[in-house]
1. Kindly indicate whether Ala122 is part of a helix (DSSP H, G or I) and in contact with a Gly (Cβ under 8 Å, 6 or more places away or on another chain).
2. Filter the stretch 148-171 down to residues that are modelled with pLDDT under 90 and among the charged types (D, E, K, R) and give me whichever is farthest from Pro48 (Cα to Cα).
3. For the stretch 55-78, enumerate the residues that are at negative phi and open to solvent by 10 Å² or more (accessible area, probe 1.4 Å).
4. Hey, does the stretch 161-169 have a residue that's among the charged types (D, E, K, R), assigned to a helix (DSSP H, G or I), open to solvent by 70 Å² or more (accessible area, probe 1.4 Å) and in contact with a helix residue (DSSP H, G or I) (Cβ under 8 Å, 6 or more places away or on another chain)?
5. Could you list, in sequence order, the residues of the stretch 125-147 that are modelled with pLDDT under 90, open to solvent by 40 Å² or more (accessible area, probe 1.4 Å) and either touching a helix residue (DSSP H, G or I) at 6+ places or on another chain (Cβ under 9 Å) or in a loop (DSSP other than H, G, I, E, B) (or both)?
6. Which condition breaks for Ile17 when tested against (1) open to solvent by 50 Å² or more (accessible area, probe 1.4 Å); (2) over 17 Å from Val145 (Cβ atoms); (3) in contact (Cβ under 8 Å) with a residue 40 or more places away in the chain?
7. Among the candidates Ala33, Ala24, Ala83, single out the residue that is under 19 Å from Gln142 (Cβ atoms), surrounded by 13 or more Cβ atoms within 10 Å (Cβ to Cβ) and among the small types (Gly, Ala, Ser).
Amino acid sequence: MWLEPEDERWQRLVAEIDARHAGATDLTGRPWAEHFRRVALRLCLRYPEPDRDQLEAALLHDALMTGGGGRERMAALGLSEAAMEIVRVTTPPPNADYYRDYHAVTAEDDAGYLDYIRGLAASGNTAAIEMKLADVCDTIDQMRVARDPLIIAQVPNRYEPSRAILEDGLD
């Protein structure tokens with residue numbers, strides 16, 4: 001494996017992500033499906049030996065959110081129990097699109113998110129912490145590039161503290 005696996009299974013998962021998110025864009029106008037591959041790529045770049053469960057969880061880390069297809073989707077795609085567990089513990093409550101409405105975030109939302117991140121960091125689940133850290137870092141980059149004043153404020157209020165908490169959880 002260079003950065004991404006080259007086998008048919010990986011290609012099938014990537015194609016499924018592309019199809020599921022067709023037409024959706026991220027904060028910078030790029031195809032939303034690219035976010036999932038970037039999270040997997042960040043795992044490959046940051047950690048010398050990410051395991052397959054982490055990489056597949058990175059591709060499907062929204063599966064438990066609204067419209068994500070749930071556990072049934074992950075099982076149908078052949079994810080292992082370990083990969084599904086990474087997705088479960090890295091999905092912020094309440095497992096919906098609550099945290100994707102970037103223009104309607106309150107201080108209480110930020111506090112709840114940080115509580116969730118503290119719990120994840122304290123869990124000792126290294127595979128999940130690494131995957132969530134990759135996700136948070138990609139979100140930070142997207143927010144900074146977008147430069148929307150309503151969104152960029154979340155970097156210091158939610159995502160930079162989250163990154164620091166997760167990094168501390170790996171020490």
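1. Yes.
2. Asp148
3. Across the stretch 55-78, the qualifying residues are His61, Leu64, Met65, Thr66, Arg71, Glu72, Arg73, Ala75, Ala76, Leu77.
4. yes
5. Scanning the stretch 125-147 gives Arg144, Arg147.
6. For Ile17, the failing item is (1).
7. Going through Ala33, Ala24, Ala83 in turn, the sole match is Ala33.
The values are calculated or read from the model by the stated rules, or taken from the named source; none is laboratory data. Model, not experiment: these values are computed from the prediction. All Cβ positions, glycine included, derive from the backbone under ideal geometry; neighbour counts span all protein chains shown. Please note that ligands, DNA and RNA were not included when accessible areas were found on the heavy atoms of the full protein model with its side chains. Shrake-Rupley method; radii C 1.70, N 1.55, O 1.52, S 1.80 Å.
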